[in-house]
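The values are calculated or read from the model by the stated rules, or taken from the named source; none is laboratory data. As the structure is a computational prediction, the values presented were derived from the model and not from experiment. So basically every Cβ, Gly included, is an ideal-geometry build from the backbone, and we count neighbours across all protein chains shown. To get the accessible areas, we keep the full protein, side chains included, count just its heavy atoms, and leave off ligands, DNA and RNA. Shrake-Rupley method; radii C 1.70, N 1.55, O 1.52, S 1.80 Å.
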Amino acid sequence: MSTAGFNSQNGTGTGTGQTYANGPSQNPVALQQLPGVNYGMTHQPPYNPMQAKAPIPPGPGLYPSGPYQPVPPVSAYQPGPPPTSYPAPPGQTLLTRPPMGGLPSHTPPQSASPSPGPRLPPAQATPPPPPVSSSSYYQNPQQPQPMAPAWQYNTAPPMMGPPASMSAPPRGPVANHVNPAASSTAPLPPPPSSAAYSSAPPPAHVAHSVAQPPGPSMPPTSAHGYTQQGTVPPPMNPMAPHAYQPSRAPYGPPPTGPPPTMKPTPPPTGPPMANATPPPPKADGTVAGNGPQAPNSYNHVDNKMAGQPQPGPPGRHLGHYPSLPPGYQNTSTPHNATSPMHPAMQAATQPYTQAPQPYQQPPGGPGPAQLSPSLAAMSLQSSTPEALRVVNLLQERNLLPPSPIPAPTPCLPQDLQKINCHPEVFRSTLTSIPQTQSLLNKAKMPLGLLLHPFKDLSQLPVVTSSTIVRCRSCRTYINPFVSFLDQRRWKCNLCYRVNDVPEEFMYNPVSRSYGEPHKRPEVQNATIEFIAPSEYMLRPPQPAVYLFILDVSHNAVETGYLNVFCQSLLDNINSLPGDSRTKVGFITFDSTIHFYNLQEGLSQPQMLIVSDIEDIFLPTPDSLLVNLNECKELVQDLLKSLPSLFEKTMETQSALGSALQAAFKLLSPTGGRMSVFQTQLPNLGVGALQSREDPNQRASAKDIQHLSPATDFYKKLALDCSGQQVAVDLFLLSTQYCDLASLGCISRYSAGSIYYYPSYHHQHNPAQVECFQKDLKRYLTRKIGFEAVMRIRCTKGLSIHTFHGNFFVRSTDLLSLPNVNPDAGFAVQMSIEENLDDMQVVSFQAALLYTSSKGERRIRVHTLCLPVVNSLSDIFAGADVQAITGLLACMAVDRSVTASLSDARDAMTNAAIDSLASYRQSVLTIQQPGLLSPACLRLFPLFILALLKQRAFRTGTSTRLDDRVFAMCQLKYQPLAYAMLMIHPALYRIDDLTDEGALNISERTIPQPRLLQLSVEKLSREAAFLMDAGTVMYLWIGRNCNPNFLTQVLGVPNYATVPDNLYLLPELDTAESQRTRAFVGWLRDQRPFFPSLQVIRDESQRKVSFMQNMIEDRTESALSYYEFLLHVQQQISK
């Protein structure tokens, strides 16, 4: 293809004056059509979630500090019993609600067929929903509303120009039963792109079983209209028209004044409605097994929510929850359910195993392409699956399951599901792929893939073969989802070409048998690694090369980081990945650049100083990078002397740009890894920066400035590095503003990592020192791949248009990764270019080609298979709420940088509104009051609110600019399991840990306390609570905490003696101490970075950080969860 699109996109044509794209790279496919290739540009326009919506998040002070009167939902029906805990205005009686104790009781959902294959515990972070603009919240709803730009969710973004405004669909209340018309055979009209992102339903496993109300229940088929694939849909029930109404008013902004006072409506007195949805029968095969997901998104794989909520420890109320209807109250739950592992951590204790399973496909037998009857049998039939059970969010208070939520399982035949790719590695936002783009638009949910391609796996089949079997047309690697027409021919599952089976492939090395190619390991494992032959090498495999660039200015020496770095490298120098060819080098810098000659034969290292930073050169190019094995003693001598060498320095300037240029020259011939340690704003030479942060604006409720780079120097240098197979990892150890928005580009575009330690100091912040030590050890010793590229392929008819993560896009589907590490996640957005009418399943394949630290060229291949559906009900039933949240977070980061933070917040809020409105309008057919959601999406508004309150996107709360930018980097780069903890932290009560339901791992007993809602009402002054927020853990001690816990776990006699800066749990010889330390250690072991622990007393200054994570509570600048639900309902009911 012509390189024009490529250069303009990626900024490779440095001499052409093209600007560098700053954000997720679009495919050139979106910009130009390749000759002879039909990209199906006539497909339906993508659903544009951002149009015709006004900003909604309230600014600081929007809500009075006094009692808040909720606005009743705008709906033709009164929503259930009125809220009862808000203080009533003068002259009204105050309704009181019973105290909330444990979580509501839920019957754990059961799956008709056990989950095939190993299952990793779901990662447990759920993103909160953002506030949406609601005109009824404002006292003056007629004020003009700014139009929020729309996000292109499901198709390639337009080349340029403002998004066309599109009208929004009618939002009236819709029926409560699945609309049979949703599964019509004709394509559905495209939904208006008025909403921000569309959200997908959560996993089908999460079932809150509700007692069936008295009264006649309708037959499942007629009541829910959930038709089996391939059957004729029943006659359509009358319902609101699907066509978008251009005349619909845009969503209004959130309220700015005290909400109008309204009398609570008394609860209905009659018998329950006869049309209330009966409890669904247990989900059939549709929810069994691990949930693979569409493989075209880059972001990490997280576990899905499928657990049932369980009772939480009763706690004393420390605050008011906005008024709740009577049904919105806590009830006790059974104690017999065992809590699964911590959401993000289950992968650590349940190794990813994909033992070869019999494929059961005889030569010549039907493959996935001929599976129509099997799939039809698997289709969701007459009974409503658990994922589609109707939940009224305004009446069900305890929706958070007590344990991590597993990923939903695709509705595939069991033999395919057994060998599908594990969701920890590859997962899709929708586990059922819509047949057409118009159907996807109508569902109002984003389609994308989250990927963790180089994840540490406990079991990984490795194949050594001189012939790697691939499709001759599309180059797809042979995989479990191809079809064998006979022993000598196989059909590709991506392009459907028929290929010959090579003679060598006829022999099975595992069974040592001949003539059964369908039993080879390549056709039995969805994740597999090949040792590549010579044709996969452009040059001899490079050695492992590590170059360390160290800030040694006065500011750096003051922090004390140099001692920690040198000691850590000394401790781990023999564990650096590599072989006999491994090379290392060192550069230090302040206002000048210092090189170190470590050539073999010298008695001690020689320091060479280059003071001409404007025209940098290498003083002795051949002796600055040396063989580690041959020169290990000199390297060790240098590390021992470096800290003392600069301890008296008074140099305050930082020539980081020149040091990076020198490092690039040094590494260009071989490629390798640069590790940069920086402690201040670079202020000298090329790449110098000036402070752009105004501390007075940190808590501004207006748009945040300076989220984009101040200069393109670091991005250009990163692209040069990428071209020479050099990745740059940045460690920022700062006590002041360092402009991470600019510096971070050096890692983002070279496929590096960013580590950030704010307020780092060896004496004043020992917790940060501990984090730095542990992170550095992992960084130095973890697996690494060099000179890597990754390509993502998908079945004909699907296309990828946007990537998220740290990389450089080399072509439409090829990512350049000079280094790849096991802690990096990626995401991609996808669209449906051509109708998938004649397909039962589609497949996605990610192939990662890399050089191991031992010099082997390897290819790791992941293949994911998902069913194709033609009804909205099936699409919603397969929605993965955590994957949707993770993808929306990536999209929101890009929107914040390219447009504004307020646009991103509006888009996230609209995502929740639009998906629930689409569900109500197009899936439910019996009208019912309340904010209705399918069970699989019940946590979506909570996750969106959590995102709105997350450090990356929050407003009205003091947030340092570097802290905000780093949070955005993490959302784009972290695998889903870890990102979810940063979005929706996990809260546990730990002063009463027991061995009941505990895990036994390596002769250790790990208690499993229940997850609690993030609300002050769950806290008790008599207890202690642990909050796991991903990168940090808070241990909150109540003022009247059990003295036994204080003495047995913290080693202090009473509450008053708990130290303010405690960050370590003492190792005491008590059962309580062992349980607590085992639980905290187990949580830490399940992630690649080291979260610090902060012990917080009730009156501690650090309590603010802890309370800011109480997502369900109202703050001066943000809605409570219940208020947010009312706001969402008002927008849907307009």
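When region 863-880 is examined, which residues are found to be over 15 Å from Pro410 (Cβ atoms) and either within 25 Å of the chain's Cα centre (by Cα) or open to solvent by less than 10 Å² (accessible area, probe 1.4 Å) (or both)?
Ser871, Leu872, Ser873, listed by residue number.
For region 571-605, name all the residues that are more than 14 Å from Asn629 (Cβ to Cβ) and in contact with a Lys or Arg (Cβ under 7 Å, 6 or more places away or on another chain).
Asn572
Phe677 passes all but one of (1) open to solvent by less than 30 Å² (accessible area, probe 1.4 Å); (2) touching an Asp or Glu at 6+ places or on another chain (Cβ under 7 Å); (3) hydrophobic (A, V, I, L, M, F, W, C); (4) assigned to a loop (DSSP other than H, G, I, E, B); which number fails?
(4)
If you check Tyr1121 against the conditions, is it in contact (Cβ under 8 Å) with a residue 60 or more places away in the chain and buried (at least 21 other Cβ atoms within 10 Å of the Cβ)?
For Tyr1121, the condition - in contact (Cβ under 8 Å) with a residue 60 or more places away in the chain and buried (at least 21 other Cβ atoms within 10 Å of the Cβ) - is met.
Report, ordered by the first and then the second residue, all pairs with beta carbons closer than 8 Å, sequence separation of six or more or different chains, a first member in region 538-563 that is of a type in the set (Ser, Thr, Tyr), and a second member that is part of a helix (DSSP H, G or I).
Listed by first residue and then by second, the contacts come to Tyr561/Phe772.
Would you mention how many residues in region 776-792 are of a type outside the set (A, V, I, L, M) and under 21 Å from the mean Cα position of the chain (by Cα)?
Residues flagged as of a type outside the set (A, V, I, L, M) and under 21 Å from the mean Cα position of the chain (by Cα) within region 776-792 amount to 1.
Examine region 457-473 for a residue that is at pLDDT 95 or above and hydroxyl-bearing (Ser, Thr, Tyr), and state whether such a residue exists.
yes
Report, ordered by the first and then the second residue, all pairs with beta carbons closer than 7 Å, sequence separation of six or more or different chains, a first member in region 1086-1102 that is under 13 Å from Leu1035 (Cα atoms), and a second member that is open to solvent by 30 Å² or more (accessible area, probe 1.4 Å) and β-branched (Val, Ile, Thr).
The qualifying pairs are Pro1091/Thr1031.
When both residues are 6+ apart or on different chains and their Cβ atoms are under 9 Å apart, which pairs have a first residue that lies in region 1001-1014 and is under 19 Å from Ile983 (Cα atoms), and a second that is modelled with pLDDT under 90 and of a type in the set (D, E, K, R)?
Qualifying pairs under 9 Å: Gln1013/Arg397.
Of the conditions (1) touching a residue at least 24 places away in the same chain (Cβ under 8 Å); (2) of a type outside the set (Val, Ile, Thr); (3) under 23 Å from Cys969 (Cα atoms), Ser658 fails just one. Which one is it?
(3)
Filter region 809-821 down to the residues that are at pLDDT 95 or above and surrounded by fewer than 24 Cβ atoms within 10 Å (Cβ to Cβ), then identify the one that is farthest from Leu547 (Cα to Cα).
The residue in question is Ser816.
Can you go through Ser668, Ser691 and tell me which one is without any contact (Cβ under 8 Å) to a residue 60 or more places away in the chain and open to solvent by less than 40 Å² (accessible area, probe 1.4 Å)?
Being without any contact (Cβ under 8 Å) to a residue 60 or more places away in the chain and open to solvent by less than 40 Å² (accessible area, probe 1.4 Å) holds for just one of Ser668, Ser691, which is Ser668.
Taking the options Ser958, Ser918, Ser896, name whichever one is out of contact with any strand residue (DSSP E or B) (no Cβ under 9 Å at 6 or more places or on another chain) and either charged (D, E, K, R) or not in a helix (DSSP H, G or I) (or both).
Ser958
Scan region 631-646 and give yes if some residue there is part of a strand (DSSP E or B), in contact with a Leu (Cβ under 7 Å, 6 or more places away or on another chain) and free of Cβ contacts under 8 Å to residues at least 60 places away in the same chain, otherwise no.
Checked region 631-646: no residue is part of a strand (DSSP E or B), in contact with a Leu (Cβ under 7 Å, 6 or more places away or on another chain) and free of Cβ contacts under 8 Å to residues at least 60 places away in the same chain.
Which condition number does Val1104 fail, the rest of (1) at pLDDT 95 or above; (2) assigned to a helix (DSSP H, G or I) being met?
Looking at each condition in turn, Val1104 falls short on (1).
In region 525-549, which residues are of a type in the set (Ser, Thr, Tyr), open to solvent by less than 10 Å² (accessible area, probe 1.4 Å) and farther than 21 Å from Ser675 by Cβ?
Scanning region 525-549 gives a single hit, Thr527.
Would region 793-805 turn up any residue that is in contact with a strand residue (DSSP E or B) (Cβ under 6 Å, 6 or more places away or on another chain), crowded, with 21+ Cβ neighbours inside 10 Å and basic (Lys, Arg)?
yes
Give region 750-788 a look and list any residue that's within 19 Å of Cys721 (Cβ to Cβ), open to solvent by 10 Å² or more (accessible area, probe 1.4 Å) and either among the hydroxyl-bearing types (Ser, Thr, Tyr) or without any contact (Cβ under 8 Å) to a residue 24 or more places away in the chain (or both), or say none.
Passing the criteria: only Tyr755.
Listed residues Leu618, Leu689; which is over 36 Å from the mean Cα position of the chain (by Cα) and hydrophobic (A, V, I, L, M, F, W, C)?
After applying the criteria, what remains is Leu618.
I'm checking my understanding of the structure. Among residues of region 674-701 that are touching a helix residue (DSSP H, G or I) at 6+ places or on another chain (Cβ under 8 Å) and of a type in the set (D, E, K, R), which one is nearest to Ser611 (Cα to Cα)?
Here the answer is Arg692.
If we scan region 775-789, do we find a residue that is modelled with pLDDT of 95 or more and aromatic (Phe, Trp, Tyr)?
yes
Of the residues that make up region 1028-1046, is at least one assigned to a strand (DSSP E or B), farther than 11 Å from Ile990 by Cα and open to solvent by 10 Å² or more (accessible area, probe 1.4 Å)?
Scanning region 1028-1046 turns up at least one residue that is assigned to a strand (DSSP E or B), farther than 11 Å from Ile990 by Cα and open to solvent by 10 Å² or more (accessible area, probe 1.4 Å).
Looking at region 550-588 only, could you name the residues that are crowded, with 16+ Cβ neighbours inside 10 Å and within 19 Å of Phe786 (Cα to Cα)?
Leu576, Pro577, Gly578, Arg581, Thr582, Lys583, Val584, Gly585
Need a quick list: strands (runs of 3 or more DSSP E) entirely within region 396-505 having at least 2 residues that are closer than 30 Å to Phe940 by Cα and open to solvent by less than 10 Å² (accessible area, probe 1.4 Å).
The qualifying strands (runs of 3 or more DSSP E) are 426-428, 448-451.
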